[in-house]
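Report on the following structure.
The values are calculated or read from the model by the stated rules, or taken from the named source; none is laboratory data. All figures in this text were calculated on a predicted structure; none of them were measured in a lab. We place every Cβ from the backbone using ideal geometry, glycine too, and count neighbours over all the protein chains shown. For accessibility, only protein heavy atoms count, side chains too; no ligands or nucleic acids. Shrake-Rupley method; radii C 1.70, N 1.55, O 1.52, S 1.80 Å.
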Amino acid sequence: MIKKVALFIVCIGLAYIAGLFSTDIKIQMVKAYYSDNYGDLVFKCDYAMREHFLAKQTVAKHPNEDNATKLLQAEIALLDCQDYDILRKKLMSYGLKESDLAELALLAVENKSHDIRKVVETHEIRYN
Amino acid sequence: MRSDTIRILFLAISFLVVTNSLAAVSSNLRSRTLQDAGKEFIFNNKSAPVEINKEKSNLGEKFFEDKKLSFNGNMSCATCHIDRFGSSDGLRNSIGVGGVGEGPERVNSNGFIVPRNSLPLWGRGEKDFSTFFWDGKVESSAEGIKSQFGDSFPSEDPLIVAVHLPFVEIREMILDDEEIKQKYKTETVGSAQEIYEKLVKRVRDDEKYKEALERIYNIKPEEISFFHIADSVAEFIRDKFKLKETKFEQYVFGRTQLSQDEIAGGIIFFGKGKCASCHSGRHFSDFSFHSIPFPQAGFGKNGFGVDYGRFNVTQDSDDIYKFRTPPLANVSKTAPYGHSGSIDTLKEAIVVHFDPLRYYNGHEMTALERNELYKKLLASSGDMHDIAFLDDEEVEKLEKFLRTLSYE
């Protein structure tokens with residue numbers, strides 16, 4: 001009888017402690033589950049945006065049908081950013097904050113970087 | 001307690017509805033984008049349907065399969081254009097005269113190697129199919145027909161002109177024996193004409209063929225020429241290999257569904273991958289010439305592992321290493337890929353466009369081979385400048401999309 005009561009009290013205590021940390025555990029689990037996918041979309045959206053910018057500049061400098069077609073293709077490719085936006089909103093609805101998303105993005109930069117230079121590029125201050 | 005539970009359930013259901021709606025909106029957007037892109041890049045110009053003369057086509061099929069039309073060899077058109085290989089022959093370089101059997105069996109026989117990959121025949125008879133062979137040695141434009149026949153081209157129809165050529169190609173359908181070396185290896189229109197006349201005599205001597213040609217073309221026996229033979233073969237090609245509705249076409253016009261991966265692959269094809277820059281139009285080819293550094297398999301058209309492609313036709317230095325954009329109808333059936341068939345799978349063919357060095361091993365290449373590679377990379381720099389990097393998952397999705405371009 002005493003053992004059963006003691007066990008019950010320990011379980012309640014553990015549940016209480018788990019409850020205290022439950023939000024943090026949930027956030028960590030969501031981050032772990034979506035980290036690869038989010039990182040992948042960060043890279044793809046970044047790539048799509050760069051290609052789109054290049055295509056716009058190319059059309060501006062050399063306006064012709066071929067370059068106009070390539071701009072259209074680059075616009076289609078921006079759908080990767082649509083996926084990125086949707087996942088961001090989904091993760092925020094799960095309780096992730098901007099700082100959590102920024103952490104996931106940095107992990108993506110690290111994964112795609114061949115060396116420290118890409119990390120520097122991401123962080124260095126530039127004067128326009 | 002109950003109201004709390006109800007509140008929690010309501011929030012959970014709302015959340016599920018919202019996130020799934022976002023996903024559905026994205027899915028509908030992608031679907032619409034792909035359908036619009038299909039109409040913009042591919043199905044924007046409905047070509048007039050080709051009318052087929054069935055009698056001609058049936059006769060042409062007999063010629064297509066008849067080895068009698070190989071001057072001194074044992075070949076027919078059907079030797080290198082085989083149904084089970086998607087109307088190609090399943091080999092890297094084709095094996096011409098002297099070869100025995102089909103497909104891989106032919107490789108082990110003693111036939112002459114033809115230094116290019118056998119092209120499939122899908123859509124060749126359509127009115128808008130203007131440029132034939134890997135190097136465009138037969139092409140039709142506003143200025144007329146350009147081919148090895150010069151001003152003596154046998155027809156205004158480029159398919160008929162193209163059909164004329166394999167019958168007089170040495171090592172393809174003609175054995176390079178002493179008679180050929182002595183009399184016909186001048187590669188002039190005149191020597192080709194002599195070979196055509198001998199082939200026509202064989203056909204005229206066959207009562208079945210003579211009677212059929214007289215009836216179909218309403219001509220006398222002495223009027224039978226190689227044009228009639230080529231014309232009927234062309235009619236057969238037009239008939240059997242005409243373009244049909246693919247799964248992708250059905251999808252664009254709302255008659256079927258594609259899987260999520262196929263849609264994603266299509267978005268890559270028309271978007272990030274920029275495949276439609278060159279693979280556009282009903283045939284998924286711009287019929288223009290580009291340089292993508294596919295590895296060279298075999299001796300090459302110019303020898304020692306070298307193939308200069310379009311330059312061999314135009315002698316224009318800007319055309320070096322360029323080949324005609326291959327059409328993509330039934331592309332999943334026509335492996336191996338590339339002008340010399342050096343690439344085995346569709347997935348690898350996709351990768352070569354943006355990461356050709358993946359299939360080159362510099363350490364196993366000779367210095368000459370590496371030198372050739374540098375030149376090919378330089379020649380392709382203009383074309384490759386626009387091609388995007390794709391990860392493995394994107395390549396797989398793109399491959400799935402390309403498989404929707406097939407039909408029976």
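So the values come out like this:
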{"quantity": "Amide H partners (placed H, <5 Å) of B:Asn74, local residues excluded", "calculated": "B:Gly98"}
{"quantity": "Integer Hz, Karplus 6.51/-1.76/1.60 couplings in order for region B:219-232, x for Gly and Pro", "calculated": "10, 7, x, 5, 8, 5, 10, 5, 4, 5, 5, 5, 4, 6"}
{"quantity": "Where only alpha carbons of region B:81-237 are counted, the Rg and the Dmax (Å)", "calculated": "16.4, 45"}
{"quantity": "Label-point separation, B:Thr186 to B:Asn371 (7 Å along Cα→Cβ), nm", "calculated": "3.6"}
{"quantity": "Highest-fluctuation residue, B:Phe253, B:Phe270, B:Phe227 considered, GNM on chain B with Cα pairs under 10 Å", "calculated": "B:Phe253"}
{"quantity": "Residue with peak Gaussian network fluctuation, chain B [Cα springs, cutoff 10 Å], from B:Ile350, B:Ile52, B:Ile229", "calculated": "B:Ile52"}
{"quantity": "At q = 0.06, 0.11, 0.13 Å⁻¹, base-10 log of I(q)/I(0) for the protein assembly as shown (Debye sum, equal scatterers on each alpha carbon)", "calculated": "-0.41, -1.04, -1.34"}
{"quantity": "Viscosity 1.306 mPa s, temperature 10 °C, Stokes-Einstein D of region B:207-347 from Kirkwood C-alpha radius, µm²/s", "calculated": "84"}
{"quantity": "Per-selection Rg to Rh, region B:54-101 - Cα, Kirkwood hydrodynamic radius", "calculated": "1.00"}
{"quantity": "Exposed-site-free run, longest, chain B (rule: trypsin sites (Lys or Arg not before Pro); DSSP loop; at most 13 other C-beta within 10 Å)", "calculated": "B:256-408"}
{"quantity": "Long-range lysine pairs (8 or more apart or interchain), region B:149-243, Cα under 14 Å", "calculated": "4"}
{"quantity": "Normalised alpha carbon radius of gyration of region B:281-331 [divisor 2.2 N^0.38 Å]", "calculated": "1.24"}
{"quantity": "Amide H contacts of B:Ser88 (H built 1.01 Å from N, under 5 Å, at least 5 apart or other chain)", "calculated": "B:Ile82"}
{"quantity": "For region B:349-356, 3J(HN,Hα) per residue [Karplus equation, 6.51 cos²θ - 1.76 cosθ + 1.60, θ = phi - 60°, Hz, x = Gly/Pro]", "calculated": "4, 5, 4, 4, 4, 10, 9, x"}
{"quantity": "Rounded FRET efficiency, nearest 0.05, which uses the C-beta distance separating B:Ile6 from A:Cys11 and R0 of 30 Å", "calculated": "0.60"}
{"quantity": "Accessible area in the full protein assembly, largest first, 1.4 Å probe, for B:Glu61, B:Glu197, B:Glu139", "calculated": "B:Glu197, B:Glu61, B:Glu139"}
{"quantity": "Principal-axis tilt of helix B:392-402 within chain B, Cα atoms, nearest 10 degrees", "calculated": "60"}
{"quantity": "Residue mean of other protein chain beta carbons inside 10 Å, B:33-44", "calculated": "1"}
{"quantity": "Hydrodynamic radius of region B:190-277 per Kirkwood, over alpha carbon pairs, in Å", "calculated": "17.1"}
{"quantity": "Nonlocal amide H pairs with B:Ile343, under 5 Å, H built at 1.01 Å", "calculated": "B:Tyr337"}
{"quantity": "Share of Cα-Cα pairs in chain B lying beyond 30 Å, as whole percent", "calculated": "47"}
{"quantity": "Candidates B:Asp89, B:Asp36, B:Asp316: whichever shows maximal mean-square fluctuation once chain B is modelled as a Gaussian network with Cα springs under 10 Å", "calculated": "B:Asp316"}
{"quantity": "For region B:305-317, 3J(HN,Hα) per residue [Karplus equation, 6.51 cos²θ - 1.76 cosθ + 1.60, θ = phi - 60°, Hz, x = Gly/Pro]", "calculated": "x, 10, 9, 7, x, 4, 4, 4, 8, 9, 6, 8, 4"}
{"quantity": "Shielding by partners - mean other protein chain Cβ count within 10 Å, residues of A:68-77", "calculated": "6"}
